[in-house]
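Participant: Pasting a structure here, questions to come.
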Amino acid sequence: MDKTELIESIREINKTAKPEFLARFSEKELHAYLEHLAELSPEELVVTS
């Protein structure tokens, strides 16, 4: 997966993540974050206001 694909995948899970913010990170860091998001349960992914 390239950097653009990683950012798109992250944003599918974390809709509040801004592409401009994510673009600051390396592909390795984005991949690690995506793996972390994939391990979370749906309850942990809920954003509260």
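Participant: Taking into account only those residues within the stretch 1-13 that are under 23 Å from Glu44 (Cβ atoms) and either in contact with a helix residue (DSSP H, G or I) (Cβ under 6 Å, 6 or more places away or on another chain) or among the small types (Gly, Ala, Ser) (or both), which is modelled with the lowest pLDDT?
Facilitator: Among residues in the stretch 1-13 that are under 23 Å from Glu44 (Cβ atoms) and either in contact with a helix residue (DSSP H, G or I) (Cβ under 6 Å, 6 or more places away or on another chain) or among the small types (Gly, Ala, Ser) (or both), the one modelled with the lowest pLDDT is Ile13.
Participant: Are any of the residues in the stretch 1-18 among the hydrophobic types (A, V, I, L, M, F, W, C), outside any helix (DSSP H, G or I), in contact (Cβ under 8 Å) with a residue 24 or more places away in the chain and surrounded by 10 or more Cβ atoms within 10 Å (Cβ to Cβ)?
Facilitator: So far as the stretch 1-18 goes, yes, one or more of its residues are among the hydrophobic types (A, V, I, L, M, F, W, C), outside any helix (DSSP H, G or I), in contact (Cβ under 8 Å) with a residue 24 or more places away in the chain and surrounded by 10 or more Cβ atoms within 10 Å (Cβ to Cβ).
The values are calculated or read from the model by the stated rules, or taken from the named source; none is laboratory data. This is a predicted model, so every value here is computed, not measured. Cβ atoms come from the backbone with ideal geometry, glycine included; neighbour counts cover every protein chain shown.
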